[in-house]
Amino acid sequence: MKLCIALDLPTIDENLKLLNKLKEYDNLWIKVGFRSYIRDGKEFLEEIRKINYTFKIFLDLKLYDIPNTMADAAEEIANLGVDMFNIHASSGKVAMQTVMERLSKLEKRPLVLAVTALTSFSEEGFQDIYNDNLNKKTIDFAKLSYEAGLDGVVCSAYESQGIKDATNCNFLTLTPGIRPFGEDSNDQKRVATIDLAKDNSVDFIVVGRPIYKSSEPLLKVKNILEAL
Ligand code: C5P
């Protein structure tokens with residue numbers, strides 16, 4: 001299981017300050033999401049690599065559009081040299097296949113994950129949108145993504161094992177909403193600890209606020225890495 005740190009701080013300086021504290025950790029996964037990417041763009045990705053060129057970048061932009069527009073965007077993302085990015089499974093099988101076909105023409109491509117159900121959804125909130133059971137629909141989304149040739153899915157830790165059972169044990173699961181040692185859940189509804197993620201064969205845990213809001217982020221990362 002790998003740790004992926006969500007860099008969602010309010011300024012580029014704060015994000016880079018946090019990363020500088022963590023520069024000794026080779027091959028650490030860094031998640032760059034809407035906030036940071038919209039504000040700081042590809043220069044931010046370059047700054048991350050300058051701190052430690054072995055850092056792996058997960059660009060969390062959750063694409064959702066018509067197939068051709070998604071494939072165009074996916075190609076642009078691949079050209080940024082990131083290691084992983086994501087799209088919404090609810091964009092449909094054709095859109096996901098179109099993205100993978102386009103990327104297959106490139107010499108090197110990033111890993112592609114599909115978002116199943118956002119971890120901020122409660123069962124009720126999910127029903128309002130999809131009129132279906134959250135767990136069942138998550139497995140359906142994962143199967144669709146697997147059939148479309150993606151590398152894995154974004155899901156909650158509670159669904160990870162079920163997804164692997166329904167697809168393949170090598171189909172990756174990345175789980176946000178992790179509160180490593182039971183910290184405050186904030187706006188997340190389906191939070192899980194490291195132990196629960198481990199029990200569910202999760203490949204990547206995403207941790208944001210429990211690290212960057214901690215008074216001692218370096219110690220928190222150290223404790224998490226030891227617990228993995
Ligand atoms: O601060 P916290 O640990 O809750 O951060 C979780 C991160 O994972 C945020 O950047 C959020 O946008 C992202 N994310 C999520 N749920 C998903 C996909 C991504 O919480 N399904």
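Please treat every number below as a calculation from the coordinates, not as lab data. Remember, predicted model here, so these are calculated numbers, not experimental data. Neighbour counts run over all protein chains shown; Cβ positions are idealised from the backbone, glycine included.
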Practice problem: Let me know the charge dipole size of the chain about its Cα centre in debye, to the nearest 20, where only the beta-carbon of Lys, Arg (+1) and Asp, Glu (-1) is charged. | Solution: 340
Self-check item: Too-long pairs where the Cα-Cα distance tops 23 Å, listed order kept, from Lys189/Lys213; Lys21/Lys108; Lys42/Lys93
Solution: Lys21/Lys108; Lys42/Lys93
Quiz item: If you plug each phi of region 101-117 into the Karplus form 6.51 cos²θ - 1.76 cosθ + 1.60 with θ = phi - 60°, what whole-Hz ³J(HN,Hα) values come out, in order, with x for Gly and Pro?
Solution: 4, 4, 5, 5, 7, 8, 5, 9, 10, x, 5, 10, 10, 10, 6, 8, 10
Quiz prompt | Within the chain, helix-based [θ] at 222 nm, where runs of 4 or more DSSP H residues each add -39,500 (n - 2.57), nearest 500 | solution = -14000 deg cm²/dmol
Quiz item: So what is the relative contact order of the chain, in percent, for Cα pairs below 8 Å that sit 6 or more residues apart?
Solution: 19
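Among rounded, prolate and oblate, which fits region 76-145 when a ≥ b ≥ c are the square roots of the eigenvalues of its C-alpha gyration tensor, a/c under 1.5 means rounded, and a/b larger than b/c means prolate?
prolate
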Practice problem: Filter the GluC sites (Glu not before Pro) in region 105-202 down to the DSSP loop ones having no more than 15 other Cβ atoms within 10 Å, then list what survives. | Solution: Glu107
Practice problem: Run the numbers on region 67-135 and let me know its relative contact order in percent, using alpha-carbon pairs under 8 Å that are six or more apart. | Solution: 34
Quiz item: Can you give me the Cα centroid spacing of region 56-119 and region 16-45 in angstrom?
Solution: 20
